[in-house]
Structures are given as C-alpha cells and as structure tokens.
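Right, one structure below, let's go through it.
The values are calculated or read from the model by the stated rules, or taken from the named source; none is laboratory data. What you are looking at is a predicted structure, and each value in this text was computed from that prediction instead of being measured. Glycine gets a Cβ as well: all are built from the backbone with ideal geometry, and neighbour counts include every protein chain shown. Heavy atoms of the whole protein, side chains included, go into the accessibility calculation; ligands, DNA and RNA do not. Shrake-Rupley method; radii C 1.70, N 1.55, O 1.52, S 1.80 Å.
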Amino acid sequence: MFTGIIKAKGRIAAIEKRGGDVRLRVTADDLPWTEYSTGDSIAVNGVCLTAVRLFDDGFDTDVSVETLDVTTLRQLTPGDAVNLEPALRVGDALGGHLVSGHVDGIGRLLTRADDARSIRMTFEVPDELARYIARKGSVCVDGVSLTINEVSGSTFGLNIIPHTAEVTTMGAYAVGTAVNIEVDLLARYIERMLGSDAGGLSIEFLREHGYA
C-alpha cells in the first residue's frame, strides 16, 4: 500500500527490452536506498513495481507486458522524470489517502492555467472511471494523492499548489500529457457493496447518513 505522498522525483536511467517486456533502471538522490531490499515495492508514477536489484542511487525493476499495456510506462524514455514512493511501513504517517498502486486507467490533461501561485488542471478519464470521480473526493494522478475540485461528465479539475508542482512531475505537465489514474479505493468498495444482496448497504442508507 501507498499514500500518494511522493518521496522523490527520480529519473529513468535506462530501459532494456527483454522479450516483449522491459527492465527499467530508476535513479534518485533523495531516498535512502541502503534501507531497502530486493523484493520491496516502489510506486513509479503510481504503478506498484518490485525492486529486483538495488544500487546506491536507485534500483532496477521489471515491467510486464500487461503493465505496459494499461499504464503510461510504455511511453517512458531515458531521462524522463518519474514520481517515486516506497511502500508504507508500519508506523509511517498516512498523509494522503490509501493507494494500491494498481492503475485503473489512463487519463489526459485537457487544460492548464495559472491561478495565483497554484496551477489549475483539468483531466479527462475513460467513461468507465467517471462514476468513481466525486467532488472533494480523492484521486491518484501519476502516484500523487489529490483532492478533486469539480467534476463534469468524464472530466475533473484539480488545484496544484506550488509545493506539489515542485516535488512531483506535475509542474512540467503540458496539455495532452497522459497520466496514470487510480480512483479512490473507498468508491470501489461502496459500489461493490451496493451491488451485493448480502452487504446490507443501500443508496437510501447512504443518503440517510449524509454520504450521498
């Protein structure tokens, strides 16, 4: 599990093609790599990957064909910046929201505009994900935990504060940038429970208690 609080901006140092899938080498100076072990999970742009080899300045990880097909990792090239977050450990602060690192789909940046010191961004998501996007709810964009400002159909708006723009890759996004989207886990579970006869949960119950 992750929180969507990015710990470092890394770089793609190398991409090695291996029989259809790839091995990535990721480097970053801001993480204590000697504290991690082979087999640890690290989110790269919101995608949960496994470190298969560690170095003083980063790690190698394998990316399967399935992951390449359903995320933006296939579009990476050497030198690209990526958001990094190691998996939660017992006692770590939960500063964002619970994130699995399992990407639900690819979104795209539609608009970008300065708003005082912040940046307003509007993203479009696949229609099948739109029902999980709610105003003031949480969403994970390229591994970054964010609060949704407004929703219209399959689009939603975000406010990117200066700190987020600086410590993640989001400050460099241009219109058209493709991003990994993971919707809020709570929205997934509520949908499942609403569709289950044994769940004891209904839309009427949610309205009665202020959740709908």
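Within segment 112-129, the set of residues being among the aliphatic types (A, V, I, L, M) and surrounded by fewer than 17 Cβ atoms within 10 Å (Cβ to Cβ) comprises 113, 116.
Listed conditions (1) polar (S, T, N, Q); (2) within 27 Å of residue 160 (Cα to Cα); (3) assigned to a strand (DSSP E or B) are all met by residue 77, apart from (3). Annotation: residue 131 fulfils all but one of (1) modelled with pLDDT of 95 or more; (2) over 18 Å from residue 97 (Cα atoms); the unmet one is (1). Hey, can you tell me all the residues within segment 151-164 that are under 15 Å from the mean Cα position of the chain (by Cα) and either in contact (Cβ under 8 Å) with a residue 24 or more places away in the chain or part of a loop (DSSP other than H, G, I, E, B) (or both)? Scanning segment 151-164 gives 158, 160.
Of the residues 5, 15, which is in contact with a Pro (Cβ under 7 Å, 6 or more places away or on another chain) and either open to solvent by 40 Å² or more (accessible area, probe 1.4 Å) or polar (S, T, N, Q) (or both)? Residue meeting the stated conditions: 15.
Conditions: (1) farther than 14 Å from residue 87 by Cβ; (2) open to solvent by 50 Å² or more (accessible area, probe 1.4 Å). Residue 37 meets all but one. Number of the miss? Residue 37 satisfies all of (1) farther than 14 Å from residue 87 by Cβ; (2) open to solvent by 50 Å² or more (accessible area, probe 1.4 Å) except (1). For segment 20-34, the tally of residues that are open to solvent by 50 Å² or more (accessible area, probe 1.4 Å) and closer than 20 Å to residue 167 by Cα stands at 3. Pairs are defined by a Cβ separation below 8 Å, a sequence spacing of at least 6 or placement on different chains, a first member in segment 124-148 that is within 24 Å of residue 167 (Cα to Cα) and free of Cβ contacts under 8 Å to residues at least 24 places away in the same chain, and a second member that is basic (Lys, Arg) and exposed (fewer than 13 other Cβ atoms within 10 Å of the Cβ); the pairs so defined are 147/136; 148/135; 148/136. Against the definition (loosely packed, with under 15 Cβ neighbours inside 10 Å, modelled with pLDDT under 95 and not in a loop (DSSP other than H, G, I, E, B)), how does residue 188 come out, yes or no? Criteria met by residue 188. In summary, residue 102 fulfils each of the numbered conditions (1) within 23 Å of residue 156 (Cβ to Cβ); (2) surrounded by 16 or more Cβ atoms within 10 Å (Cβ to Cβ) with the single exception of condition (2).
Checking each residue in segment 130-150 for being surrounded by fewer than 16 Cβ atoms within 10 Å (Cβ to Cβ) and either part of a strand (DSSP E or B) or touching a Cys at 6+ places or on another chain (Cβ under 6 Å) (or both) picks out 147, 150. Within segment 15-50, the set of residues being small (Gly, Ala, Ser) and not in a strand (DSSP E or B) comprises 20, 28, 37, 39, 46.
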